[in-house]
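Let me begin by presenting the structure, written as structure tokens, before commenting on it.
The values are calculated or read from the model by the stated rules, or taken from the named source; none is laboratory data. In this text the structure is predicted, and so the values were computed from the model without any measurement. Every residue, glycine as well, gets a Cβ built from its backbone with ideal geometry; the counts of neighbours run over all protein chains shown. Note: accessible area is taken over every heavy atom of the protein model, side chains too, but ligands, DNA and RNA are not part of it. Shrake-Rupley method; radii C 1.70, N 1.55, O 1.52, S 1.80 Å.
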Amino acid sequence: MQAVGMIAEFNPLHNGHVYAMRQARQLSKADVVVVLMAGNYVQRGEPAVVDKWARAKAALASGADLVVELPTTDAVQAADGFATGALTLLGALQVSTLAFGTEAPDLDYAALAARVAAAPPKSSLFQDHTQTYATQLNQYYQQTAGVSLDAPNLLLGLSYAQANRQLSEPLRLLPFARQGAAHDAAGVSAGGASASAIRSALAQGQDVTAVVPAAMQAGLIAARHQSWADLFPLLRYRLQTADLAALRGIYTMSEGLEFRLTEQLAAAPDFHAFLHQIKSKRYTYARMRRLCLYVVLNLTAEAMADARQHRFLHVLGFTAAGRKYLHQVKKTLPLPLITKVSAAMLAPGGIMQWQHRCDQLIETVTQTAQNYGRVPVMRKENDAC
């Protein structure tokens, strides 16, 4: 069996994602669609709107054959770290092709990555303090790759290609045109909506049935919705009680940011206001959200390095075809395959210890076990989509 891989958050899964999985299967002519899905936290530095199990179940009902978790320590990263972790796991799963939606499907992403690899490093960035980091980053890519990467999926596609170059057996890259609303477009209509617009609509109690498949609708109804509103009191407590030396040990805490965070805390009534107060031209909102999340989860630089050295393949769900594919590859997988989580895996020193630390917060908020004793969701062929 041949497998095509996709990297996703499904936060939440919407009709554009269903289209993407269909495109991946048709264009690759693969037997199995393997989705590497962010767990309970997503790249922009916030909890997923509903937990990983609800989203995995919806994905299986909407076109995926196998859903494997992208751990928090890889999922909550800037584009390059996110892509490196994801491609490492997809390579381990022995998929032959990576399919991804993009605003520019005709670009040769592998060639772009090769040009960037031959260019001077990005360490020279942010010399001009009158421009934002994002602006200077795009200028760097214009100079080195000869293309503007101001759309989020273009940068992610290049990041995938760069990470793919590091694999001993690189995947075939299969970009295809995105369908529907732009990545962060506002508003929900029958013509489509971005995931961020859907989350905003959900927070306001609006109807999203026109843009979300039935399986995800069921998950949104059944599960508790999470957001930074749940986490901000915990962030406030951590910043109020942790000493500065401990905060300096948090992953990506640099250049005195521990002072900026603690100094701006008192005047912030909520996380949205706090984020605006700590934002500067040097740092993007996503970068600061991720840092705040690392603080809440107490993820140190040492913890993140250890997690990268001990990656694993945690299966969240499969169809009959996905289970057959797992059976085909499981004896040659280079990373541990986890289909049932034991207590030993979650204990200090266990292979899932850092994921457990992150997911305990979601367990507290939702009162739903996230790892211990959980087995993959199994979608039967006669289940309704």
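A few comments on the model shown:
- Dividing the helix sum by the residues of the chain, where each DSSP H run of 4 or more adds -39500 (n - 2.57), gives a mean residue ellipticity at 222 nm of -13500 deg cm²/dmol.
- Estimated translational D of the chain in µm²/s (Stokes, Kirkwood radius over Cα pairs; 10 °C; 1.306 mPa s): 74 µm²/s
- Taking amide hydrogens as placed 1.01 Å from N in the peptide plane, the amide H of Ile338 sits under 5 Å from those of Leu313, His314, Val315, each at least 5 positions away in sequence or on another chain.
- You can think of it this way: the chain between Arg260 and Ala111 has 49.6 nm of extra reach, that is 0.36 nm per residue less the Cα-Cα gap.
- Rel. contact order, % - alpha carbon contacts under 8 angstrom, at least six apart, the stretch 331-373: 36 percent
- The stretch 16-167 - accessible surface per residue (Å², probe 1.4 Å): 34 Å²
- Between Gln217 and Met1, the FRET efficiency from the beta-carbon distance, with R0 = 41 Å, is close to 0.85.
- GNM top mover of Asp106, Asp359, Asp65 - the chain, alpha-carbon springs below 10 Å: Asp106
- Per DSSP, loop trypsin sites (Lys or Arg not before Pro) in the stretch 4-46 with at most 15 further Cβ within 10 Å: Lys29
- Under 23 Å from the Cα of Lys52 - lysines, other chains or at least 8 residues apart: Lys324, Lys330, Lys340, Lys380
- Taking the chain and dividing mean pair separation by its residue count, relative contact order in percent (alpha carbons under 8 Å, at least six apart): 23 percent
- The DSSP beta bridges internal to the chain are antiparallel in roughly 25% of cases.
- Three-way shape call for the stretch 308-385 based on the alpha-carbon gyration tensor, with the a/c threshold at 1.5: oblate
- Accessible carbon and sulfur surface of the chain relative to its total accessible area, %, 1.4 Å: 52 percent
- Average accessible surface for the stretch 261-350: 47 Å² per residue, computed with a 1.4 Å probe over protein heavy atoms with every protein chain in place.
- The gain in end-to-end length when the His276 to Ala229 segment is fully stretched comes to 15.4 nm, 0.36 nm per residue minus the alpha carbon separation.
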